[in-house]
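A short write-up of the structure that comes next.
Just so it is clear, none of the values below were taken in a lab; they were calculated from the coordinates. No experiment lies behind these values; they were computed from the predicted model shown. As a convention, Cβ positions derive from the backbone with ideal geometry for all residues, glycine included, and neighbour counts pool all protein chains shown.
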Amino acid sequence: MNILIVEDELALSGEIRRFLEKEGFVCDEAYTGRIASDKIFSNEYDVILLDLGLPDYEGLDLLKESIKNKSTASVIILSARTAIDDKIKGLDLGADDYLSKPFSMIELKSRILAVTRRKHGLKGNVIRIHGLEIDIDKRKVFCNNNEIPLTKKEYDIFSFLILNKNKVTTRLQISEHIWGDIFEENYNSNYIDVHVKNIRKKLAEYLEGDFLDTVRGIGFRFNE
Ligand code: CA
């Protein structure tokens, strides 16, 4: 899951990044509204953490831009502002949640999981499908209580396909999701195919049936 942290307080941004990376998220940082705007325009993020008090930009304008660009990212507003006005304006504009500073990192993670569940219509942190259990909090996959030993990248790719089940996920979407801010010409799609091949091999040891399709020339789809 890739997260854009839009925050001009460098120390706070760094603290959020270190915490979230330790929890297995891919993070990108933008210290100004201008940089954030460029990044939101050129990348597909899963979640944007948006500080409203930026030096060069009205944070709520960034939110409007991201919605206009049809970004699918969930937006969590981070703000020291206590004004209820900004909170309501942000939520009205389409933000998914709001955290007042100071907040604990544990709470931030739980809000990120909550917006992810809402976006994908999940009831809890465990997704059950074809006898598999995917725990998006602990980042583990089980089949009949046996853990399938996926590497970090394999888990990232597999859980992304599961969250977007029955839809074709392109190689570029997968790259953005697991590597974050990348340039289209720089990514090697063969790398993803190698990971998917390994995921298939591991699944086959535990799971009857093959639900993971390769859609030629486009990407992959996990079928319910
Ligand atoms: Ca600020």
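Descriptive notes on the structure:
- Overall form of region 1-107: rounded. Here a/c, set by the Cα gyration tensor axes a ≥ b ≥ c, is under 1.5.
- Take every pair of alpha-carbon atoms less than 8 Å apart whose residues are at least six positions apart; their mean separation over the length of region 2-119 yields a relative contact order of 23 percent.
- The relative contact order of region 99-197 comes to 15 percent, based on Cα pairs under 8 Å that sit 6 or more residues apart.
- Centre separation in Å (Cα based) which lies between region 83-152 and region 24-66: 20
- Lysine pairs within region 2-119, Cα separation less than 15 Å, 8 or more sequence positions apart or different chains: 9
- When peptides 171-179, 148-156 are sorted by average Cβ neighbour count within 10 Å, with the highest value leading, the order is 171-179, 148-156.
- Ranking ILE129, SER42, GLY219 by Cα position along the charge dipole of the chain, where only Lys, Arg, Asp and Glu carry charges on their C-beta atoms, puts ILE129 farthest toward the positive end.
- If R0 equals 25 Å, the separation of the Cβ atoms of ALA114 and ILE218 corresponds to a calculated FRET efficiency of about 0.20.
- Assigned charges on the beta-carbon of Lys, Arg, Asp, Glu; region 2-119 dipole about Cα centre (debye): 420
- Candidates SER159, SER74, SER104: whichever shows maximal mean-square fluctuation once the chain is modelled as a Gaussian network with Cα springs under 10 Å: SER104
- Candidates ASP85, ASP96, ASP213, ranked by Gaussian network fluctuation over the chain, Cα under 10 Å, top entry: ASP85
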